[in-house]
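Notes for the one structure printed next.
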Amino acid sequence: MAFRIYLHCIYITILFLSISNINGFEEVARSNLLKKLKNLGFSWANCGPNTDPIQLKSLSVAPDPIVIPGNVTFSIGVGVTSALPTDISISVNMEKKVAGLYIKIPCIDNIGSCNYGNLCEAWAEVCPKYFSKFGLPCTCPIPAGAYSIPTTVEYIKGSLPPEILGDFRISGDLRSSSDHLGCIQVMVSLK
């Protein structure tokens, strides 16, 4: 249960502290993205043009691979160029590397390749407990600005079943009712 809450917090944090547009990016951008994601270890990339309203500027996670249970150290920096609306949703695509190929993980109990609506409501619940101490706004609309979480250590309790361990490619595609807000892709290993 603690890991599920932590995973949801990561999704929500990525929503407000990452992203860029996956639609219409050029072949050069695609090539650069694939080069960045080729490493087997942790890596991240904005999936679209630098004109998106939200741009992930930095993201670090250690150890690599992430060992659960155990301490996870992370930091994140994001630039938001225009206020984010109140009707944000995210479509998460999660794939696990199996025999050298990435296989899509279905959405089961809100974990995996799932769609999450009304993220502002979820953010308003999670933010005060975990993120307000970093000066992040806890209600929507999120104003334009630079946001960051400095290097932080969190202990992840519990254990993961063997089928959850391995290398993953996770992307989050953010939208509102009127606009595509952005996308981020992360490569992560869980041990």
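Worth a mention:
- Filtering region 61-105 to residues that are of a type in the set (Phe, Trp, Tyr) and within 19 Å of CYS47 (Cα to Cα) leaves only TYR102.
- Qualifying residue in region 106-115 (condition: open to solvent by less than 60 Å² (accessible area, probe 1.4 Å), at pLDDT 90 or above and within 22 Å of LEU59 (Cα to Cα)): yes
Quick grid of which residues meet (1) closer than 25 Å to ALA144 by Cβ; (2) surrounded by 18 or more Cβ atoms within 10 Å (Cβ to Cβ); (3) modelled with pLDDT of 90 or more:
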site: LEU7; (1), (2), (3): no, no, no
site: GLU26; (1), (2), (3): no, no, no
site: ALA45; (1), (2), (3): yes, yes, yes
site: VAL61; (1), (2), (3): no, yes, yes
site: GLY70; (1), (2), (3): no, no, yes
site: SER82; (1), (2), (3): yes, no, yes
site: VAL98; (1), (2), (3): no, no, yes
site: ILE103; (1), (2), (3): no, no, yes
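- THR139 satisfies every condition listed in (1) of a type in the set (Val, Ile, Thr); (2) in contact (Cβ under 8 Å) with a residue 60 or more places away in the chain; (3) over 26 Å from SER43 (Cβ atoms) except (2).
- Yes/no for ASP87 being open to solvent by less than 50 Å² (accessible area, probe 1.4 Å) and either under 25 Å from PRO49 (Cα atoms) or touching a strand residue (DSSP E or B) at 6+ places or on another chain (Cβ under 6 Å) (or both): no
- Residues that are open to solvent by 60 Å² or more (accessible area, probe 1.4 Å), touching a strand residue (DSSP E or B) at 6+ places or on another chain (Cβ under 9 Å) and acidic (Asp, Glu), drawn from region 155-191: GLU163
The values are calculated or read from the model by the stated rules, or taken from the named source; none is laboratory data. Only a predicted model underlies this, so the values are computations on that prediction, with no experimental measurement involved. Glycine also receives a Cβ, built like all others from the backbone with ideal geometry; neighbour counts cover every protein chain displayed. In case anyone asks, the SASA skips ligands and DNA or RNA and just uses the protein heavy atoms, side chains included. Shrake-Rupley method; radii C 1.70, N 1.55, O 1.52, S 1.80 Å.
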